Every structure is written in C-alpha cells, then in structure tokens.
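Written out below as structure tokens is the structure these notes cover.
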Amino acid sequence: MVDILPNSFSVHGDQELEPPAESPEIEKLGVDDMLQKYCGEFGSWQLRHFLLTCLAWALESIHTTVMIFADRQPGWRCLDGGSGRGCSLDAHSVCDLRPGSWEWIHGKGSSTVAEWGLVCGERYKVGLVQSLFFVGCMIGAGVFGHLSDSKLGRRGSLAVICLLNAVFGNLTALSPHYWTYVLFRILTGFSTGGVGVCAFVLATEPIGPNKRTVAGMSTFYFYSAGIAILSGIAYISPSWRALYIASSVPSILFILILPFINESPRWYLVRGKTKQAMKIMQQIAKSNRKHLPGSVLLVLDEEVDVNMTPNEAEGEPRKPITGSVIDILRSPVARFRLFLTMTIYFTVTVVYYGLTLNVVNLKTNLYLNVFLNAISEMPAFILTIVLLDKFGRKRLAIGTQFFSGLFCIIGSLLKSHGEWKVVRMVCGILGVFGMAGTYNLLLIYSLELFPTVVRNAALGCAAQALHMGAIVAPFVVVLGGRVAFAVFGACGILGGALAVYLPETLNRPLFDTLAAMERGESV
C-alpha cells in the first residue's frame, strides 16, 4: 500500500523518495529581447557579419554605375589636322563634321559610343540602355524580394544574385553588337536589383534594436565606396570590354565570402526552423562572450504569451509562416504603409538620380567628378545617423525631403547664366545633399515599417518603385533648365508631405508577423 503525503513520497509507509526535480521554467523571448538580454546587440559576431554582408552593396553600385564610363562619349580629333577635310576643332559636336575627317582619340574600343557610333541620330540608344537596365532592376527587386522571404532566404538569394552578376557581367563584355549589349545589361539589372534588399535585411536583422539604426544607415557608405573604387578601375581600364570584366570580378570574390556569412535567425524563425534559429543565437552569444541559458526559447513576437506544445517547447520544427505581397495588400495597415513607401521611394529617386545626372554631365574630368560625387554624399549619411534617434524617422524624413525640394524650387526660379548659374549649381548640390540623407534613412525606416514575414517582399516593392524613379529621371533631365528643377522640387515636397502619414518607428520593436504589427499599431 502506498501512502501519499503532502510534498513527499513513501513506500510501505517508511521509505521516502525525493520529489522529482522540477524542470527549469521555459523563458520565451522574441529575437530583439533575446539579443538585448542574453546575446548582445552588436558584438564581434554582428560586426563581422555586418561588414562581410555589406560588401554586396559595393557590388550593386559597381554594376549600376559602370555604364557611366562604358557608355561615355570619348574625345575626338581631326585627321591630319583637319585641313581641307571638313574638320574643325571648334565644332560643337562630331555631328557637325564630315564623315572620315575625324577619329576617336582612344580608338573605337574605348567605349560603346565609339564602337557602335552612338552619336547624333543614334544618341538616344545610350539613354535607352540605361533605362532598360533599371527596368531589369525593377523586375529583379520584386522577384528576389519574394524569394528571399520564401524558400531561398536572404543568404541563398545573395548567392544566386552574385553568380548571375558575374556571369552576365562577363557576357556583356563579349557583346558583338548593340542589341546583345542591351540584353545583357537588362539581365545584369535583373540580378543587381535584388542585391540591396537582400544585403540590407540580412546585415541588420541579427542586430539589436538599440544598435540597428546606426548600423543600418552605415550600409550606404559601402555603396558610395563601390562607386569611388569603380572610378579607379575605370581610369586604368583600356576599353569598355575590359571594364566590364574587371567590374565583374568582385561578384566572383563575394561568392567565396558567402560561406562565412550566416542566414538570418529571423528568417529561420518565421520559416518554422526554430532549432536553426536558436543555433545562430547561441553562436552570437558565444562570439560576444555572453551566456544564453538552455531554458530560453526563441519564439515569434505573438507567441511570447501563448502556451506551447511540448514539441514546440523543445524547438521542434513548426509549420512555417509565409507571407507575400498579397498578404500585404490584404492588411489595411500594411497596404497603406506600402503605398506611401513606394510613392516616397519613387519621388526621392527621381530627384536623387536627376540631380546626380546634372552634376555628372559637367564638362570636367569624368573619373574625378564621379569619385568626388561619391565622397560628397558621406557627410549627409553622417548627419542623418546623428539626428535620426534624436528627431525620429518620421520628422527627419519630412525635413530632408522638404529641404531638398525647397532648394530645387529656388533653383527653378533662377536664371541659367552669369552669377545666377553658380547659385543654381549650389542649389542642385544642396538638393542632392538632402536626398542622399533621405535615401539613407529610408532604408532603416522601411525595414521597421514591415514585419519579418513580408519584410523583403515589401522592400522589394519599394525597390521596384525606386528603379521606376531611376527610369524616369533621365527623361526629366532632358527637359532641362527651370522645368527640370521645378519637377525635382515638386517631387521633394510631395515626398515630404506623404511622409507625414507614416507612423514613427523609433524605439519600436521589429514585428515578426502581420498580426503582431496590427496589434502594435492599435496600442
């Protein structure tokens, strides 16, 4: 007979057994809370992961801006001094010269313009290939934004992107004629369009909320550095074909770096791979000299206060939570945010690329000019980093766009000759300065506006709007003079006005699901 007594066990009334040891209570935490409490928000693990991942930004800038050098119009000279052959060095353009009376200084292989005669009536083809490249970027941003949220993941998508960039970049160098060149530039744009989205999300998702802002906004330094490096590569490249090969080498090197980059624990979590997510979090804690107790379980934000099954508590695989653009459109909150974000990205890009093209087209040393443009944007990045946590995302997004739009409107009211021409140039520089800051802060702002399950899909849509603005910008520049400045000013003011309707995300958590985001919006 077994006597049951409170708080003790006895057999035959005289043999007591110790009560079974209680298993430690499971502590359920979301990614942000686990990083803050146990793993560290930005330690040695995050620093290494961030630096390696952000190298992909340099690849994007190289593949995007290489056309500035490859499609440039080189210098020309008259044959035999031009005497009696219908050639004069005073001519404004080679279109005013007699065929056969002049030649390209560095030969036909120096650029695509020289090799395929993209001058005079064929000049439109230079703008056409540039616009079609951004069409490819727009499509690729949406495709890879979806793939990185679903089966491929952030890291897998980057691997595919870099492989395609390396292949298409080298094939571009082998183009036998213009239309083949256009095709490969579209394909390069398709793969390039997904680089920024995947690299930015992968680099910032494992970083704690208090450090994410500065880290996220520092990604643009890699983009500008890529442009500066490309200027040096272009300067020493003997031909446009050699330039495309040289600009594709970094993509090959980045593929070799990928094994040292981890997948995002947030992506593992929403895909139902809790064990893999916990393994990454343990690596982060160990590398940062922190201790992650075995009783702590990583869960989605909405599961923190929900009772779990024994299998889930042990980290068994759960059914993955997936999301797509359709899910965003079904959510009133996410749908409204996506509309505002895409429109603002469009207006910002029209102004940024439009004003940048005006600066690049100055009759100065092209290589030095592009290098200085890349370097000059960095003060705007520093300023937004300093002010972002002080004023918040919303107010700074409004202020930087109004700042840029105001100076563009002032520029549209000024004359284009005499001293006023210099003042207008200053207005354009200040306009670029403001939009460079906006461009930078929009990255972290957009990341915080959408939950993990649809974050890359949303950023992919935003990137599509961005590339659409890049397609439109060259056509606005063609308008020239006051009209172009007026359009840039209107876009800046419109973008700032739309930002008024976005929520402030400063010191707010990164939500994992749409349901959690909607609940957080109602609080």
Q: Working only within segment 20-67, note down all residues that are in a helix (DSSP H, G or I), modelled with pLDDT under 90 and open to solvent by 50 Å² or more (accessible area, probe 1.4 Å).
A: Asp33, Gln36, Lys37
Q | Tally of residues being under 19 Å from Gly40 (Cβ atoms) and aromatic (Phe, Trp, Tyr) across segment 264-282 | A | 1
Q.
Just to be sure I understand the filter: pairs with C-beta atoms under 6 Å, separated by 6 or more residues or on different chains, first member in segment 401-428 and over 24 Å from Leu494 (Cβ atoms), second member assigned to a loop (DSSP other than H, G, I, E, B) and modelled with pLDDT of 75 or more. Which pairs pass?
A. Trp420/Leu414; Val423/Leu414
Q | Pairs where the first residue, in segment 176-195, is farther than 29 Å from Arg155 by Cβ and the second is of a type in the set (Phe, Trp, Tyr) and open to solvent by less than 10 Å² (accessible area, probe 1.4 Å), C-beta under 9 Å, 6+ apart | A | Val182/Phe133
Q | Matching residues in segment 253-293 - criterion: being outside any helix (DSSP H, G or I) and either without any contact (Cβ under 8 Å) to a residue 12 or more places away in the chain or β-branched (Val, Ile, Thr) (or both) | A | Ile261
Q: Identify all residues within segment 34-71 that are more than 24 Å from Ala141 (Cα to Cα), under 23 Å from the mean Cα position of the chain (by Cα) and of a type in the set (A, V, I, L, M); write none if there are none.
A: Leu47
Q: Please tell me if Thr347 is among the polar types (S, T, N, Q), open to solvent by 10 Å² or more (accessible area, probe 1.4 Å) and modelled with pLDDT of 85 or more.
A: no
Q) Failed condition for Phe511, given (1) of a type in the set (A, V, I, L, M, F, W, C); (2) within 28 Å of Asn210 (Cβ to Cβ); (3) open to solvent by less than 20 Å² (accessible area, probe 1.4 Å), with all others met? A) (3)
Q.
I need the full set of residues from segment 470-496 which are among the small types (Gly, Ala, Ser), over 18 Å from Ala436 (Cα atoms) and touching a residue at least 60 places away in the same chain (Cβ under 8 Å), in order please.
A. Gly481, Ala484, Ala486
Q. Tally time: how many residues in segment 162-174 are without any contact (Cβ under 8 Å) to a residue 60 or more places away in the chain and either among the small types (Gly, Ala, Ser) or open to solvent by less than 30 Å² (accessible area, probe 1.4 Å) (or both)?
A. 0
Q. Counting only residues that are within 18 Å of Tyr345 (Cα to Cα) and in contact with an Asp or Glu (Cβ under 7 Å, 6 or more places away or on another chain), which one in segment 374-407 is surrounded by the most Cβ atoms within 10 Å (Cβ to Cβ)?
A. Arg393
Q) So which residues in segment 103-136 are touching a Leu at 6+ places or on another chain (Cβ under 6 Å) and β-branched (Val, Ile, Thr), if there are any at all? A) Val126
(Q) Here's a check for you: in segment 118-161, which residue that is open to solvent by 30 Å² or more (accessible area, probe 1.4 Å) and part of a loop (DSSP other than H, G, I, E, B) is farthest from Val94 (Cα to Cα)? (A) Lys151
Q: Pairs only if they're at least six apart or on different chains, beta carbon under 6 angstrom, first in segment 114-129 and under 17 Å from Arg185 (Cα atoms), second open to solvent by 60 Å² or more (accessible area, probe 1.4 Å); list them, first residue then second.
A: Glu115/Lys108
Q) Taking segment 408-449 only, how many residues are farther than 24 Å from Lys390 by Cβ and either β-branched (Val, Ile, Thr) or open to solvent by less than 50 Å² (accessible area, probe 1.4 Å) (or both)? A) 13
Q: Check Glu205 against each of (1) at pLDDT 85 or above; (2) over 29 Å from Thr438 (Cα atoms) and name the one condition it does not meet.
A: (2)
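The values are calculated or read from the model by the stated rules, or taken from the named source; none is laboratory data. Please read all numbers here as calculations on a predicted model, not as lab measurements. Cβ: placed from backbone, ideal geometry, glycine included. Neighbour counts: every protein chain shown. Remember, those area values only see protein heavy atoms, side chains included, never the ligands or the DNA or RNA. Shrake-Rupley method; radii C 1.70, N 1.55, O 1.52, S 1.80 Å.
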